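Every number here is computed from the coordinates shown, using simple stated rules; none is lab data. It should be emphasised that the depicted structure is a prediction, and the values quoted were computed from it without experimental measurement. Virtual Cβ from ideal backbone geometry, glycine too; neighbours counted across all protein chains shown.
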Ligand code: ADP
């Protein structure tokens, strides 16, 4: 591993199954890359279907004792995990930057964000409430109990290697569920480091299992997790096509599903907006993680009256303040894209737009450093027929469309199968309510480009997914209601 850590114990190449660190059954390993250089930084155990079944069995065996613990006991253990994550922030962020590419300060931000879900659900564990219901029969009493759903499975992506794990594992464990996690093949080291700390925090064997695998074995493991009747719930963050496959595979066992899938976030700037504030919002919502988040703005709609000034200011900010490079270099704001396919997709979107008449205000091609670095880009004269207006770009491209009419821009913003995040800027209170209510999205940022935190319900509508993560609602996905009717009282 090309970097010194204060706590080298965090670096693991084995998977974590039933409280033990294990190799793949056939001894196979797969390589983990540094996306900034393409160099191998580690080799990690490549588990498969058979060990996935062992992990399910372990999670199933651990479930009765874990659910029988008091909520307070589970809360104390989660709180300890939170403290350990915080205490190891720098090392965890180092591991993340080197395997994922995001700038080191941003990686530290993600560790804090990821840890916040553990803290939050440690607290929420103690606030699981039931109900009593007025019964229609005088001698009956009716109760609603809330119980953990059972063994859960989680599949997570590479763009938030820590936070997407804690946002699933913490509420599951808080509820009293046990879990089998398959992290993204690009970022297994961050997941394993969390397991080291979970073990240290006292999370019992079998309660949290982490199976690392390459892309091929991930598919095999996914099949086992989806088809197992023991797994009562699957929680997934990733692309819409894969979400669709997992849902299909899970249909025979009627699994409860949480899906956080793709987005195609619109960012609307009305003529009455505070333009400087809109630029700030645009910068964070578009260029964070080099545009590789599911809530990143994908398309800008700017009113004709402020179109030119917004586009010029945004291009000036992008070329003046964003600095592309390796995540550990000084002042770098924009790291590499995750892989060559990601770079090819941004290139395709830009070339397609230019061919259809778009104008490049800044960027527009691969960065001079080569590799997986792409220049932060702003384009204007954008029309709805361009690829970037229909597909999720997942890169540092800001296409700006001109509009004049509120109803028309709402129609355009909603004209997609996605419905995750949306943003708009306006200072008119009537318009703010009107537009916020009209947008068919699970999340709306009004006069802000940054909406995610542990207290907010994160999730999408339409083909952006099912369920909500974080917030007071986030444990619902890991619990079932049980209705108890007492008669003869
Ligand atoms: P991304 O485009 O962000 O890489 P994916 O949806 O391809 O998103 O991957 C997200 C997660 O889903 C990763 O952990 C990956 O290994 C896993 N995955 C991808 N394809 C499958 C599949 N067919 N079955 C199970 N897991 C899968």
(message) If the requirement is being touching a helix residue (DSSP H, G or I) at 6+ places or on another chain (Cβ under 7 Å) and closer than 28 Å to residue 156 by Cα, which of these qualifies: 301, 374?
(response) 374
(message) I'm checking my understanding of the structure. Among residues of region 227-274 that are without any contact (Cβ under 8 Å) to a residue 40 or more places away in the chain and more than 14 Å from the ligand (Cβ to nearest atom), which one is surrounded by the most Cβ atoms within 10 Å (Cβ to Cβ)?
(response) 271
(message) Residues to consider are 102, 168; find the one that is under 17 Å from the mean Cα position of the chain (by Cα), surrounded by 18 or more Cβ atoms within 10 Å (Cβ to Cβ) and in a helix (DSSP H, G or I).
(response) 168
(request) Considering only residues that are free of Cβ contacts under 8 Å to residues at least 24 places away in the same chain and under 17 Å from residue 335 (Cα atoms), look in region 356-376 and name the one that is surrounded by the most Cβ atoms within 10 Å (Cβ to Cβ). (result) 364
(message) Just to check your reading of the model, which residue among 149, 179, 165 is touching a strand residue (DSSP E or B) at 6+ places or on another chain (Cβ under 6 Å), within 15 Å of the ligand (Cβ to nearest atom) and on the phi < 0 side of the Ramachandran plot?
(response) 179
(message) Based on this model, can you work out whether residue 110 counts as under 26 Å from residue 225 (Cα atoms), assigned to a helix (DSSP H, G or I) and within 16 Å of the ligand (Cβ to nearest atom)?
(response) no
(request) Go through region 228-331 and tell me which strands (runs of 3 or more DSSP E), entirely inside it, have 1 or more residues that are closer than 26 Å to residue 412 by Cβ. (result) 256-260, 265-269, 297-303
(message) Let me spell it out: the conditions are (1) buried (at least 24 other Cβ atoms within 10 Å of the Cβ); (2) within 16 Å of the ligand (Cβ to nearest atom); (3) in a helix (DSSP H, G or I), and residue 212 meets all of them except one. Which number is the exception?
(response) (3)
(request) Count, please, the residues in region 84-96 that happen to be in contact (Cβ under 8 Å) with a residue 40 or more places away in the chain and either part of a helix (DSSP H, G or I) or out of contact with any helix residue (DSSP H, G or I) (no Cβ under 7 Å at 6 or more places or on another chain) (or both). (result) 8
(request) Look at residue 203 and say whether it is away from the ligand (no atom under 16 Å from the Cβ) and in a loop (DSSP other than H, G, I, E, B). (result) yes
(request) Please enumerate the residues belonging to region 27-52 that are touching a residue at least 12 places away in the same chain (Cβ under 8 Å) and assigned to a loop (DSSP other than H, G, I, E, B). (result) 28, 34, 35, 36, 37, 38, 39, 46, 47, 48
